[in-house]
Structure formats: structure tokens, C-alpha cells
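Trainee: I'd like to ask you about the structure that follows.
The values are calculated or read from the model by the stated rules, or taken from the named source; none is laboratory data. This structure is a prediction, so every number in the text was calculated from the model and none was measured. Every residue, glycine as well, gets a Cβ built from its backbone with ideal geometry; the counts of neighbours run over all protein chains shown. Side chains are part of the model used for accessible areas, which takes the heavy atoms of the whole protein and leaves out ligands, DNA and RNA. Shrake-Rupley method; radii C 1.70, N 1.55, O 1.52, S 1.80 Å.
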Amino acid sequence: MIDPRLVRDDLEGVRAMLKKRNMESAVDLDGLRRIDEERRAVIAKTDDLREKRNRVSKEIGKLKSGGGDASALMAEMSGVNDGIKELEAEVERLDADFNELMLSLPNMLSDTVPEGRDESDNLEIRTWGEKPVFDFKPKPHYDLGTELGILDFERGVKLSGARFYVYRDLAAKLERAIINFMLDLHTTEHGYSETFAPFVVNDDSMIGTGQYPKFRDEYYRIERDGLSLIPTAEVPLTNLYRDEILDRERLPVYVTMQSACFRREAGSAGRDTRGLIRVHQFQKVELVKFVEPETSFDELEKLTANAEEVLKRLKLHYRVMLLCSADTSAASTKTYDLEVWMPGLDRYVEISSCSNFLDYQARRARIRYRRAKGEKPAFLHTLNGSGLAAGRTLAAVMENYQTSDGRIEVPEVLKPYIK
RNA sequence: GGAGAGAUGCCCGAGAGGCCGAAGGGGACGGUUUGCUAAACCGUUGUACCAAUACGGUACCGAGGGUUCGAAUCCCUCUCUCUCCGCCA
């Protein structure tokens, strides 16, 4: 959620943001403004009536304890309560409308985000390494894996349906190695503290990071228990400090966690139907930061570098894309995508997404910090990035490390992890 | 899943219809005293919203409803925590 004050003080700035995101019609800003004004007026009225109730009730109490007759005052109060109840109901309704609109409003965009209409306007910031040269036609990971008997899509479908898969032997071991390698790197060299948290979370958590209420269709929800399967460890990690006030000395907080991620992929029927690229369940190592506002853009650069380091050590060629305004997710103010080269697919594939959310998530989840003793709590800034998506990393390793005789070499840094 | 107990401010803990945003203690912060430390004493110490002229108003004692002129306090529902039993990796 953005600062509600912006609606009052800089509505045009908000409008410009929506326009830049290509979402001009997504939120009725003028309606939002009206609701806010009405809401505040009704709150003021309600408070006045309550003040009267409190004041008169006190007088009644005093009168009665002095043995006096309070019936006149009590008669005066008879209508007041109904009035308060009516107004309270109105405030509740207006608050609900206001919040719904506020929650559906995307984050303000950083000035550094290029304007664009779709992903083709994303900006290549830098590349690392080079496309590997093969003296044979490299296979896509799904053919290679199926032929080797280590990726079993048919049985994945039998067990669960389309976009599910089974790993056997080297695939299972490689992915486990990849995860352990990434966790070790981030915890021993990048300063993240390893965390393990639930894969199922309540609605407050999903709202806190921005998944709900807007994008309900994208996620698996267990109706019976009111819990959702996490689409990323960002959700439990960021919500770790929901409704808390941290001391400044604790910041920055860096956490990392490996988890399964569950996505319904509702809007992507027909896209990436083969292989490990787009699946309903995958593993990922997530990086999350809680930082002081002044530092969040620097922290984004460092976070992105932490994710890049994984690809460098795996010696996988990649490029860093600065997402354009239309492609930057609603909660983010600025996002870098890491795209790894997949020689079998003959294209780059997103393998990490690193974002600065400013106080957007912190507001929704009420995560604050105290600058100094005695000072008011302030919202901190949150960031996160994949470090990396394990399934796609496995696919990238398979495609980049395949040999002419159809085998897969194990990258040097993973060897200690493969027994 | 069954039975019972509980949820109050940073922490402990009182409060049992009005004078309670909440006693008391601890902690933290500021001050006095002091060669330093310690001790003692005094003071301060929640969050959000409305209005912004204010030493202004409102809400919050797990959450949501109800009773009442008035609820931390009475009633109902829910959530969570703890203990015992059952089940279980």
C-alpha cells in the first residue's frame, strides 16, 4: 500500500504512476479521493457524538453517585447511541471501500524505471559470460532429461496433473545440490541468516506481501482452513515481522529460505507447456531484506549482485534486465530480472527477480522500526529476490552442461554436494 | 479429536460496571547526588486516527458481536496459548 496521504496531497502523482504502468483505468482515483473525503467527514461526526456520549455518561455517573436524579440526562442520551451506531456502520463501509481501493493500487515507480508497454521494452543493463558454443545441437532440458530417465513428466501428470513432474536420480540430486550450494553461499558469504518457515500461510500474510486481495486466482487456497500455499518464500519471510516494531540496531535484516512454491499459473495456459520452466510446484531459495528507507536502492543493487553470484559460480551466461514500467509488478518500485541463457531452448529465461518494495509491503504488513529511543515508529523498506529458482537453475545447468553423447557434466561448484 | 485453564501496556502483574489509557513492580531513558562504579531519590516512558488554533477529540486491555446512559470489567461467538488424554512424523 502506498501512503494514503498521497491520495490527498499528490493525486496527480498517483495518476501519473498508473499511466506509466499502463493501468490508467485500473483504479478509480477520483472515486478514491471522494471516498476518502467522505470517510474523514463521517469519522469527525462520529467522534463528536462519541465525545458527547462519554461526557454525558460521566455526568450521569456523578449525579447518581451523589444521589441525584439523572433521568433527564438519560433521556437525552436515548437517541445518541443509535446515531453513533449508524455512523459507525457508515465509517466501516467507507473504510472498507477505501482500503479495497488502496490495496489494489500499485506501488509508486522509481524514476529510474523506463517507460514501456510490455516486456519488449525492458532494458538490458549488463551481461555476464557468453553463450556457450556446442559442436552439436544442444537439446532442451525436457528431451535430455526424459532420455536420461531423470525427468519424468508422464508420471508427474499421473500423480497430480499437467505442469507437475518427477525427478529421478541425477535430477533430484542436482537440484538438492543446487539448493544447498545457494544456501551456503548466501549464508556464509552474503550475510543472510538461514530460515525455515511454513509453506502454508493465512490471509493476513498473503495480504501483507501483496498477493491478496487482488490476484486470488494465482494461488492455491485451502478453503477449509483459510490457508494458502505460498507462491514464494517471500510471503512467510516478509511476514516474519508483520505487526512488529524493530529496533534500528537490528537493521538491516537479511534472511534466506528454501521452499517449495505453488502457483496456479491461471493466466498462462499454453505458455511454456513443456519442461520445468512453468510448473505448479517448484523449489526456490529466496532472499529477503528489511532495511532503512535511505538505503533501499543500494540494497537492491547488492541483492541483485548476490543472486548474480550464483550464476557466476555456476558459470552460466546471463543478462540483467531492468523491467520497464508495464512489466514491474504491482508491489515493486523497481525490479531487475536475471535471465539465464538456455542453449537447448535457444532463449533467455528469467531465473531471478529482485525488487525494492519501498514501504509498500511494510505498510500492508505494518512492519516498522524505531529510528531512535523515544521517536515515533516508521515504516521500513523491504526487498526480495530469488537466489535462485532451483527448478529453472537445474534446467539451465542441464542445457548448458550437456555433452555430445547426451550426458550432463556436474558444474565444479556443485561437485562437493553430489555424492 | 476430548477435558480444563488462560489472553491486560516493553516485561511481570493488579483491576470484577462510572473517578481506568489503565495501580504496583521491573526494564529503558532523563535528572539530582557522586572521584569512578553501585546505591538512593525525582521525573519520563503505548499505538493509530480525526482536527489541525490548541494544556483538543476519538478508538484500542486477544478478535468480533451483544447488554447498558456508561464495559478491561457482564453475556455470546471465534482465534490463540498452556496443562492432561487420544492420535501421529
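Trainee: Run the numbers on chain A and let me know its relative contact order in percent, using alpha-carbon pairs under 8 Å that are six or more apart.
Mentor: 21
Trainee: Another question, if that's okay. Starting from the Cα of residue A:157, step 7 Å along the direction of its Cβ; do the same at residue A:294; then give the gap between the two resulting points in nm.
Mentor: 5.8
Trainee: Just give me a number: lysine pairs in the stretch A:5-104, eight or more positions apart or cross-chain, with C-alpha atoms less than 28 Å apart.
Mentor: Taking the stretch A:5-104 as the scope, the lysine pair count is 9.
Trainee: Can you give the Kirkwood hydrodynamic radius for the stretch A:262-304, in Å, rounded to one decimal and based on Cα pairs?
Mentor: 13.4
Trainee: Could you calculate the FRET efficiency of residue A:370 with residue A:72 from 1/(1 + (r/R0)^6), where r is the beta carbon distance between them and R0 is 41 Å, rounded to 0.05?
Mentor: 0.25
Trainee: Tell me, what HN-Hα J-couplings in whole Hz come from the Karplus equation 6.51 cos²θ - 1.76 cosθ + 1.60 at θ = phi - 60° for each residue of the stretch A:292-299, using x for Gly and Pro?
Mentor: Values, residue by residue: 6, x, 4, 9, 5, 6, 5, 5 Hz.
Trainee: For the stretch A:119-417, give the magnitude of the charge dipole about the Cα centre (Cβ charges: +1 Lys/Arg, -1 Asp/Glu; no others), in debye to the nearest 20.
Mentor: For the stretch A:119-417, the charge dipole is close to 560 debye.
Trainee: Pop the C-beta distance of residue A:12 and residue A:115 into the FRET formula with R0 = 22 Å and round what comes out to the nearest 0.05.
Mentor: Computed FRET efficiency for residue A:12 and residue A:115: 0.85.
Trainee: Let me ask you something else. Quick one: the Cα spread of the stretch A:5-104 along its three principal axes, in angstroms, biggest first?
Mentor: 70, 20, 16
Trainee: Give me the percent of accessible area attributable to carbon and sulfur for chain A, probe 1.4 angstrom.
Mentor: Summing carbon and sulfur atoms, their accessible area is 47 percent of the total for chain A.
Trainee: By how many nm would the segment from residue A:143 to residue A:58 lengthen if fully extended, with 0.36 nm per residue of separation less the alpha-carbon distance?
Mentor: Roughly 22.6 nm would be gained on extension.
Trainee: Using 7 Å Cα-to-Cβ label points, what is the residue A:200/residue A:40 separation (nm, one decimal)?
Mentor: Computed distance between label sites residue A:200 and residue A:40 equals 4.4 nm.
Trainee: For chain A, how big is the tail of P(r) above 35 Å, as a whole percent of Cα pairs?
Mentor: 39
Trainee: Using 1/(1 + (r/R0)^6) with R0 = 41 angstrom and r between the beta carbons of residue A:330 and residue A:168, what's the FRET efficiency to the nearest 0.05?
Mentor: Once the sixth-power term is evaluated, E becomes 0.60.
Trainee: Whole Å is fine, so just give me how far the alpha carbon centre of the stretch A:89-163 lies from that of the stretch A:1-77.
Mentor: So the two Cα centres are separated by 41 Å.
Trainee: Would you mind computing the Rg to Rh ratio of the stretch A:81-179 from its alpha-carbon coordinates, Kirkwood style for Rh?
Mentor: On the Cα set of the stretch A:81-179, Rg over Rh gives 1.30.
Trainee: Another question, if that's okay. Relative to a virtual label point 7 Å from the Cα of residue A:180 in the Cα→beta-carbon direction, which members of the stretch A:392-419 show backbone nitrogen distances below 17 Å?
Mentor: Hits in the stretch A:392-419 for residue A:180 at 17 Å: A:394, A:410-419.
Trainee: Next question, about the same structure. Take the Cα gyration tensor of the stretch A:371-417, multiply each eigenvalue by 5, square-root it, and list the three semi-axes largest first, rounded to whole angstrom.
Mentor: With the √(5λ) rule applied to the stretch A:371-417, the semi-axes are 46, 12, 5 Å.
Trainee: Find how much the distance from residue A:301 to residue A:25 grows on full extension, using 0.36 nm per residue of separation minus their present alpha carbon separation; answer in nm with one decimal.
Mentor: 96.1 nm
Trainee: Using the Karplus equation 6.51 cos²θ - 1.76 cosθ + 1.60 (θ = phi - 60°), what ³J(HN,Hα) coupling, rounded to whole Hz, does each residue of the stretch A:196-207 give in order, writing x for Gly and Pro?
Mentor: 9, 9, x, 8, 10, 9, 7, 5, 4, 5, 5, 5
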